[in-house]
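Since the structure comes first, as structure tokens, the remarks are kept for the end.
The values are calculated or read from the model by the stated rules, or taken from the named source; none is laboratory data. In this text the structure is predicted, and so the values were computed from the model without any measurement. Note that each Cβ is placed from the backbone with ideal geometry, even for glycine, and that neighbours are counted across all protein chains shown.
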């Protein structure tokens, strides 16, 4: 019984790691094809990132507005959360099926993962 459990763990661990594999988005067109016409959601947050460079949505009861450009391999955004100016930040973007992950400070900062709906 113990051998079966160990074998099951050994088989499932690589599958779990494979399921968490993200591919780096390399270009603006690749990014827009992933998000165009879709909402990016996570607990308390729903955002729309438009092909024309606009960001809109709601987060925890406040409006979110902003603008973005693709610059040298990074998603660069300038964002407002309600009246609070979150300022500019360039981020790496990675996609895994219906998940998209943004990592602040050109990939060296905190990450946020959203569902693509």
Modelled with pLDDT of 95 or more, in contact with a helix residue (DSSP H, G or I) (Cβ under 7 Å, 6 or more places away or on another chain) and surrounded by 10 or more Cβ atoms within 10 Å (Cβ to Cβ): is that true of residue 92 in this structure? yes
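Results for (1) closer than 13 Å to residue 115 by Cα; (2) surrounded by fewer than 12 Cβ atoms within 10 Å (Cβ to Cβ), shown as yes or no for each residue.
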| site | (1), (2) |
| --- | --- |
| 20 | no, yes |
| 26 | no, yes |
| 32 | no, no |
| 39 | yes, no |
| 51 | no, no |
| 54 | no, no |
| 57 | no, no |
| 62 | no, no |
From the residues in the range 106-117 that are out of contact with any helix residue (DSSP H, G or I) (no Cβ under 6 Å at 6 or more places or on another chain) and not in a strand (DSSP E or B), which one is surrounded by the most Cβ atoms within 10 Å (Cβ to Cβ)? 107
In this structure, is residue 103 modelled with pLDDT of 95 or more and loosely packed, with under 12 Cβ neighbours inside 10 Å? no
For residue 80, state whether it is at pLDDT 95 or above, under 13 Å from the mean Cα position of the chain (by Cα), surrounded by 14 or more Cβ atoms within 10 Å (Cβ to Cβ) and assigned to a strand (DSSP E or B). no
Cβ-Cβ under 9 Å, sequence separation 6+ or interchain: first residue in the range 52-80 and on the phi > 0 side of the Ramachandran plot and without any contact (Cβ under 8 Å) to a residue 40 or more places away in the chain, partner part of a loop (DSSP other than H, G, I, E, B) and surrounded by 15 or more Cβ atoms within 10 Å (Cβ to Cβ). Which pairs? 57/39
